[in-house]
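Q: What follows is a structure written as structure tokens; I'll ask about it next.
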Amino acid sequence: MKSKNYLLTELFVLFILLPLSLLLPKLFILKGILMLIGFLYVFFVLFKIEKMPFQLPKNLDLKSFFKRTFILFIGIAIITTLYVYFVDANKLFCVPLNKPKLWIIILLVYSFLSVWPQEIIYRTFFYTRYAHLFSSEKLLVFVNAIIFSLAHLFFRNTLVIVLTFVGGLLFGMTYLKTKSTLLVSIEHAIYGNWLFTVGMGAMLAFPGMESC
């Protein structure tokens, strides 16, 4: 099951064809079934074929990880705060200030039902399964970031595509350094939840935040 042609076909179906199918009008049930099949396939391959242990690698430099994440977070926080302020100041921290219950729900749902599955599929599965198909780690990270942003095309939002591409680069580099689904998920959750906190939820077409 790991011939080059098989893996290339698998990559095309899972990471290009399936995400593009979400752009089709209607056919909601069919698209839901296809995505479920794809998700189950990924987990089957990881657990039964690749036999991923899903545990922290030994001798992991946690101090370096959290230092890097903190520094990046400060930069992201400053840039996004200024962006929201100048684009639509009324949105700045509007959700935690005006809808604290919704804000908490968003943080929990996003972290566990969005971030975790995304990192299993787009980092753990992708890097484990396809890394050897690329001539360099830089190319691997770049292609992964493009494919990650492609998965968000159904939002039909340019800002989402840009942010997910940048996020894909950051998360890809983190996964290469740590080989940890947990740590890259923590990083993803921190940055993503900050965007909803600072007031970019409506700008990113996130459901339920338009009226804030």
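Q: Could you give me the residue pairs with C-beta distances under 6 Å whose first residue belongs to region 134-160 and is more than 14 Å from residue 122 (Cβ to Cβ), whose second residue is among the hydroxyl-bearing types (Ser, Thr, Tyr) wherever it lies, and which are 6+ apart or on separate chains?
A: none
Q: So residue 173 fits all but one of (1) surrounded by 19 or more Cβ atoms within 10 Å (Cβ to Cβ); (2) more than 18 Å from residue 46 (Cα to Cα); (3) of a type outside the set (D, E, K, R); what number is the exception?
A: (1)
Q: Select from region 158-174 the residues that are over 20 Å from residue 186 (Cα atoms) and of a type in the set (Gly, Ala, Ser) and list them in ascending order. Reasoning before the result, please.
A: First, the residues of region 158-174 that are over 20 Å from residue 186 (Cα atoms): 158-159, 161-162.
Scanning region 158-174 gives no hits.
Q: How do the helices (runs of 4 or more DSSP H) wholly within region 125-183 filter down when requiring 3 or more residues that are among the basic types (Lys, Arg): which remain?
A: Those helices (runs of 4 or more DSSP H) do not exist here; none qualify.
Q: Follow-up. Would you be able to tell me the number of residues in region 17-52 that are at positive phi and of a type in the set (A, V, I, L, M)?
A: 1
Q: Give me the residue from region 82-113 that is in a helix (DSSP H, G or I) and among the aromatic types (Phe, Trp, Tyr) and, out of that set, surrounded by the most Cβ atoms within 10 Å (Cβ to Cβ).
A: 103
Q: Any chance you could count how many residues in region 158-191 are over 17 Å from residue 61 (Cβ atoms), of a type in the set (Gly, Ala, Ser) and modelled with pLDDT under 95?
A: Of the residues in that region, 0 qualify.
Q: Next question, about the same structure. Out of all the residues in region 12-58, which are under 18 Å from residue 143 (Cβ atoms) and in contact with a helix residue (DSSP H, G or I) (Cβ under 6 Å, 6 or more places away or on another chain)?
A: Across region 12-58, the qualifying residues are 14, 15, 18, 19, 42.
Q: Looking only at region 35-55, filter to residues that are assigned to a loop (DSSP other than H, G, I, E, B) and surrounded by 11 or more Cβ atoms within 10 Å (Cβ to Cβ); which one of those is modelled with the lowest pLDDT?
A: 54
Q: Within region 61-76, how many residues are of a type in the set (A, V, I, L, M) and surrounded by 15 or more Cβ atoms within 10 Å (Cβ to Cβ)?
A: Here is the first cut: in region 61-76, the residues of a type in the set (A, V, I, L, M) are 62, 71-72, 74, 76.
Those still in the list that are surrounded by 15 or more Cβ atoms within 10 Å (Cβ to Cβ) too: 72, 76.
Residues flagged as of a type in the set (A, V, I, L, M) and surrounded by 15 or more Cβ atoms within 10 Å (Cβ to Cβ) within region 61-76 amount to 2.
Q: Here's a check for you: in region 18-34, which residue that is without any contact (Cβ under 8 Å) to a residue 24 or more places away in the chain and aliphatic (A, V, I, L, M) is surrounded by the fewest Cβ atoms within 10 Å (Cβ to Cβ)?
A: For region 18-34, the residue satisfying everything is 29.
Q: Now for a separate question. Can you find a residue in region 136-157 that is surrounded by fewer than 16 Cβ atoms within 10 Å (Cβ to Cβ), closer than 20 Å to residue 46 by Cα and out of contact with any Lys or Arg (no Cβ under 9 Å at 6 or more places or on another chain)?
A: There is no residue in region 136-157 that is surrounded by fewer than 16 Cβ atoms within 10 Å (Cβ to Cβ), closer than 20 Å to residue 46 by Cα and out of contact with any Lys or Arg (no Cβ under 9 Å at 6 or more places or on another chain).
Q: Farther than 30 Å from residue 50 by Cα and either of a type in the set (Lys, Arg) or touching a strand residue (DSSP E or B) at 6+ places or on another chain (Cβ under 6 Å) (or both) - does that describe any residue in region 112-132?
A: No - not one qualifying residue is present in region 112-132.
Q: Can I ask one more? Can you tell which of 202, 189 is more than 24 Å from residue 10 (Cα to Cα) and assigned to a loop (DSSP other than H, G, I, E, B)? It would help to see each step written out before you state the result.
A: Working: 189 fails: assigned to a loop (DSSP other than H, G, I, E, B).
Going through 202, 189 in turn, the sole match is 202.
The values are calculated or read from the model by the stated rules, or taken from the named source; none is laboratory data. Everything numeric here is computed off the predicted structure, so don't read it as measured data. Cβ: placed from backbone, ideal geometry, glycine included. Neighbour counts: every protein chain shown.
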